[in-house]
Amino acid sequence: DRNPVAKVKSPRVVQSRAIQFFTKEDLERVYLNADKHAAVWKFMANTGLRRGEMAKARRSDVICATDGLVLKVESIEDEREEGAAVTNARATKSRKERYINLNEAACSALSELGSDLLAGLTVQGLDKAWKRVRQRTGITQGMHALRHTFATHLVKSGVSIRIVQELMGHATIAMTECYAHV
């Protein structure tokens, strides 16, 4: 009558697929063809921000630390409003806050970004701007490849997988291990 394993979920299968990332030459093509948004793409490629995180990033999230500038990517917080839980619109995907040291390229891009909202674009605005870059350059990768570029270049330069996991905000090391091939 009843299937005893009907409610048992299959384990998540890790699929091996090539990570799409940009070479330095590809990035230069993107920056040259990006009009006024070149700084946004450069910032994303050097911080690993997701598009939603970039759309929400504010100048006030940049903290001056002893070893340079650090970007604070917000964690989720539940706010109570008339008895209902409202999730923070600035939350990260993993719901944990993380800190990213800004390298020279990210700092250079930061100087060209907005005084309040860094990108000055919504997620939809970022999508439209990226679509224009793709049309001008002929690249096929999506905007998320900028995030993969950040992680791939870190691994290639010898940064440990554990540190890359923290910077990317991955909940498990298994998520980050896809970059180990480089």
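The values are calculated or read from the model by the stated rules, or taken from the named source; none is laboratory data. If you're wondering where the values come from, they're calculated on a predicted model, not measured in any experiment. Counting neighbours? That spans all protein chains shown, and the Cβs are built from the backbone with ideal geometry, glycine included. To get the accessible areas, we keep the full protein, side chains included, count just its heavy atoms, and leave off ligands, DNA and RNA. Shrake-Rupley method; radii C 1.70, N 1.55, O 1.52, S 1.80 Å.
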Margin query: With the requirement that a residue be more than 15 Å from residue 21 (Cα to Cα) and surrounded by 18 or more Cβ atoms within 10 Å (Cβ to Cβ), what does the range 165-182 give you?
Written below: 165, 167, 169, 170
Note to self: Restricting to the range 141-180, name every residue that is out of contact with any strand residue (DSSP E or B) (no Cβ under 8 Å at 6 or more places or on another chain), in a loop (DSSP other than H, G, I, E, B) and touching a residue at least 60 places away in the same chain (Cβ under 8 Å).
What the structure shows: 141, 142, 143, 170, 171
Notebook entry, point to check: Restricting the search to the range 113-135, which residues are outside any helix (DSSP H, G or I) and closer than 26 Å to residue 164 by Cβ?
Noted result: 113, 118, 119
Note to self: Between a residue in the range 47-63 that is within 16 Å of residue 103 (Cβ to Cβ) and any residue that is open to solvent by 10 Å² or more (accessible area, probe 1.4 Å) and in a strand (DSSP E or B), which pairs come within a Cβ distance under 6 Å, given they are 6 or more apart or on different chains?
What the structure shows: 62/69; 63/70; 63/72
